[in-house]
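So that we are looking at the same thing, I have put the structure below in structure tokens.
Computed from the coordinates by the stated procedures, all read-outs in this text should not be read as laboratory data. Computed from a predicted structure; not experimentally measured. FYI the Cβ positions are ideal-geometry reconstructions off the backbone, even for glycines, and counts take in every protein chain you see.
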Amino acid sequence: MKQQVRIGLLGIGTVGQAVARALIERHDVLSRAAGTSLVLQRAAVRDLARPRSLAVERLTADPAAVASADDVDLVIELVGGEEPARTLIASALERARPVVTANKRVLAWHGPQLAELAARKGVELRYEAAVGGGIPLIAPLTDDLAANRVLELRAIINGTCNYVLTRMASGERLEDALAKAQQAGYAEADPRDDVEAVDAGDKLCILLRLAFGASCTPAQLHRQGIRGLDPRDLAYGRELGYVLKLLAVARRTEAGVEARVHPAFVPLEHPLARVDGAYNAVHVVGDLCGPVMFSGLGAGGDATASAVLADVVHVARRLALGDPVPPPRENGPEPRLLPMSEVRTRCYFRLSVDDEPGVFAQITRVLAEHRIGLASVIQREPGKHGAAEVVLLTYEAPEAALATAEEQLARLSSTRAVLARIRVEAPQ
């Protein structure tokens, strides 16, 4: 029985501070759970001059020195970003040190290669905190649902965008809602990775590997962020019985697996429609278990630290007992990722049109030419400039047909503008 597990911590930002604090303040609780004493041996920080709760001799500005230290048994990587984090993780694994990380960027782009390295060295690479913050998600998908063939997955996995869209549902403009997200600490000073769905795309890649056995990088996913959304569309959506969310979607079809991130309307009765503010949720449908949803705080120091420390306890317990790491599970045949043009969805259109006879006939003719069925229509009387607003909700159709229809609707003589096209995630 190993009497202690010595931890090297890379990065003491918001999450790193919460992890370090818990390792010190909750030492007894965590050590009992791990079956061995957990010792925060070394930590890499950017600024050595700032006061820390750790002794100065245990701090360094050189993260590579921590990743390769002889007196470290387990490395926690919380540096963030792609480099030098990827190199640091690989360095620790090469030295047969297990690694716990919350780094979705590294895992999205380099996960399979790092997992292969970990397996070759006989150590663990764990990343519960990389998707969903404090929500237990990776372990349930890997173990608790192992008997299931996952049929579909819909997820709200970016707290910033969910907070912004929740405020926009009350009529706020995107820019104002985003500024409030920054004031509340839910959005970075530079929020581009959030609002352009880069963050959500990284996380979907990780979920695709776990739930569908699909090895891909974010470059292979269709990705659309929330810029350009108008609160008017959220109001029309609610009138039709829907709530707008930034969704990560993966679904099995006979032709392959869909994988996409974009704004989408969700029916008011769907569990995801009730996930508001900075909360995250992942809705999974398995062939045996049926629908299951995991939800909770998707970000924040304490919530993410909870997931990091769950992995630390797991790894430390194995180290303490001297248990070998089981070989990686074999995946089945690699599924085909469907190109977006082959994906079938329902769709919401909002058009500004001239108030004249025959307009609606022109619109329905375009939809009919592409075999797009019309489910609902909202038409508003013309405003002071003589333009009327028409909202269309279609039945399911191929994305290629919907995109072509949008182009042709925009070219109609009576159309002033196609103001919005938003996908709808709902059964017909």
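Restrict the search to the stretch 206-276; then list the GluC sites (Glu not before Pro) that DSSP places in a loop and that have at most 15 other Cβ atoms within 10 Å of their Cβ.
When the GluC sites (Glu not before Pro) of the stretch 206-276 are filtered for loop state and at most 15 Cβ neighbours within 10 Å, 254, 269 remain.
Treating the stretch 138-297 as a set of equal point scatterers at the Cα positions, no solvent, please give the Debye-formula log₁₀ I(q)/I(0) at q = 0.13, 0.18 Å⁻¹.
-0.60, -1.09
Kindly write out, for the stretch 151-164 in residue order, the coupling ³J(HN,Hα) from the Karplus curve 6.51 cos²θ - 1.76 cosθ + 1.60 (θ = phi - 60°), rounded to whole Hz, with x marking Gly and Pro.
8, 7, 9, 10, 9, 9, 10, 9, x, 4, 5, 5, 5, 4
Could you give the length gained by full extension between residue 58 and residue 302, i.e. 0.36 nm per residue of separation minus their alpha carbon distance, to one decimal place?
So the extension gain works out to 85.6 nm.
Give me 369, 94, 399 ranked fewest to most by other Cβ atoms within 10 Å of their Cβ, as a rough exposure proxy.
Lowest count first: 369, 94, 399.
Between residue 25 and residue 215, what's the calculated FRET efficiency when r is the beta-carbon distance and R0 is 51 Å? Round to 0.05. List each step's numbers first, then the result.
Numbers: r = 40 Å, r/R0 = 0.78.
Efficiency at R0 = 51 Å is approximately 0.80.
Identify, among 370, 31, 273, the residue whose Cα sits farthest towards the positive end of the charge dipole of the chain, taking +1 on the Cβ of Lys and Arg and -1 on the Cβ of Asp and Glu, with the dipole about the Cα centre.
The residue sitting most towards the positive pole is 31.
Please report the net charge: other residues with Cβ closer than 10 Å to the Cβ of residue 412, K and R +1, D and E -1.
+2
Sorting 279, 242 on the 10 Å Cβ count, fewest up front, what's the list?
Fewest-to-most ranking of 279, 242: 279, 242.
Still on this structure, I have one more. I need 205, 289 ordered by Cβ neighbour count within 10 Å, fewest first. Mind showing how you got there, number by number?
Working: 205 26, 289 13.
By the 10 Å Cβ count, ascending: 289, 205.
I'd like the antiparallel share, as a percent to the nearest 5, of DSSP beta bridges with both residues in the chain.
70 percent
Based on alpha-carbon positions alone, could you give the equivalent ellipsoid semi-axes of the stretch 340-424 from the gyration tensor, as √(5λ), descending, whole Å? Provide the component values of the computation, followed by the final result.
Numbers: eigenvalues 99, 29, 24 Å².
Semi-axes (√(5λ), whole Å): 22, 12, 11.
Further question: Build a GNM of the chain with springs between Cα atoms under 10 Å: which of 310, 61, 96 gets the top mean-square fluctuation?
Residue with maximal mean-square fluctuation among 310, 61, 96: 61.
Further question on the same structure: Tabulate in residue order the Karplus-calculated ³J(HN,Hα) for the stretch 390-397, using 6.51 cos²θ - 1.76 cosθ + 1.60 with θ = phi - 60°, rounded to whole Hz; enter x for Gly and Pro.
Those phi angles translate into 10, 10, 10, 10, 9, 7, 5, 8 Hz.
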